[in-house]
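Just below is one structure, and these are the notes that go with it.
The values are calculated or read from the model by the stated rules, or taken from the named source; none is laboratory data. Please read all numbers here as calculations on a predicted model, not as lab measurements. Every residue, glycine among them, receives a Cβ derived from its backbone with ideal geometry; neighbour counts consider all protein chains shown.
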Amino acid sequence: MAKKRKPISPLRSPDSFRRTPGQKPPRSTTLIVCEGETEKCYFKKLCGRDFFHLNFHVITANTGSKSAPSNVVGCAKKEAEKGGYDHIFCVFDRDRHTSYQQALNEISKLAKRGLPIKPMVSIPCFELWVLLHFEKTDTPFSCCAEIVQRISECHIKNYKKANDDIVDELFPRLDTAIENGEWLEKQAREDSSTSVHRLLLHMKAESENHSK
């Protein structure tokens, strides 16, 4: 009978970061758990060789016919308990989800256990982050459809969700999006916000660290 493998700790031990002079520090491993296909397409292409070329894994939570923040966090928890990741980000929207606050509360509990899970949320939806690539706005959009319409009419004709080709147009504007995201965060609005820029800052830092 095969021996049962011990689970890998989700957090690296101090010894794993020791290196001899001249060596690059070991690459950290990051997991991005997405609520929907739009986010998955966006991050998978950014992590690919055409852009950042990162040691990131991007997945969608197995949510069945309906997505929910609680399902995203549940998926992240399972992956964290398996071990092997230094960072885990949960990307989801508030939209009209009833489990939004429940998901945030669960992440706080998991953080106290030492699991490296962070929420990257958008209100009302991820398309607000897409819009910030083009304009600085704190408009309180009532639903995702309004933002999609704004993007289509003003910035990307016939914009469609879950289209990774859109990343080609967005990538040159990442610094603008990050700047606008930081600005919007400072407005501290409850009806229009995103923390996705923090994940992009993490991605940029990882890319820069391993290109030296």
From the set of residues in the range 92-122 that are part of a strand (DSSP E or B) and not polar (S, T, N, Q), which is farthest from S193 (Cα to Cα)? I117
Residues being buried (at least 19 other Cβ atoms within 10 Å of the Cβ) and either under 18 Å from H210 (Cβ atoms) or among the aromatic types (F, W, Y) (or both) - total across the range 59-86: 1
Filtered residue count, the range 149-206, keeping only those that are among the aromatic types (F, W, Y) and at pLDDT 95 or above: 1
Can you name the condition, by its number, that S99 falls short on among (1) at pLDDT below 95; (2) farther than 18 Å from K45 by Cα; (3) under 15 Å from the mean Cα position of the chain (by Cα)? (3)
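Consider A76 carefully, then state whether it is in contact with a Pro (Cβ under 8 Å, 6 or more places away or on another chain), of a type in the set (G, A, S), more than 23 Å from N180 (Cβ to Cβ) and not in a loop (DSSP other than H, G, I, E, B). Reasoning before the result, please.
Numbers: in contact with a Pro (Cβ under 8 Å, 6 or more places away or on another chain): no; of a type in the set (G, A, S): yes; more than 23 Å from N180 (Cβ to Cβ): yes; not in a loop (DSSP other than H, G, I, E, B): yes.
In short, no.
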Can you name the number of the only condition in (1) within 14 Å of the chain's Cα centre (by Cα); (2) within 19 Å of K118 (Cα to Cα); (3) modelled with pLDDT of 90 or more that K45 fails? (2)
Residue pairs, Cβ under 6 Å, 6 or more apart or interchain, first in the range 79-103 and more than 11 Å from L115 (Cα to Cα), second polar (S, T, N, Q) and modelled with pLDDT of 95 or more. List them. D93/S122
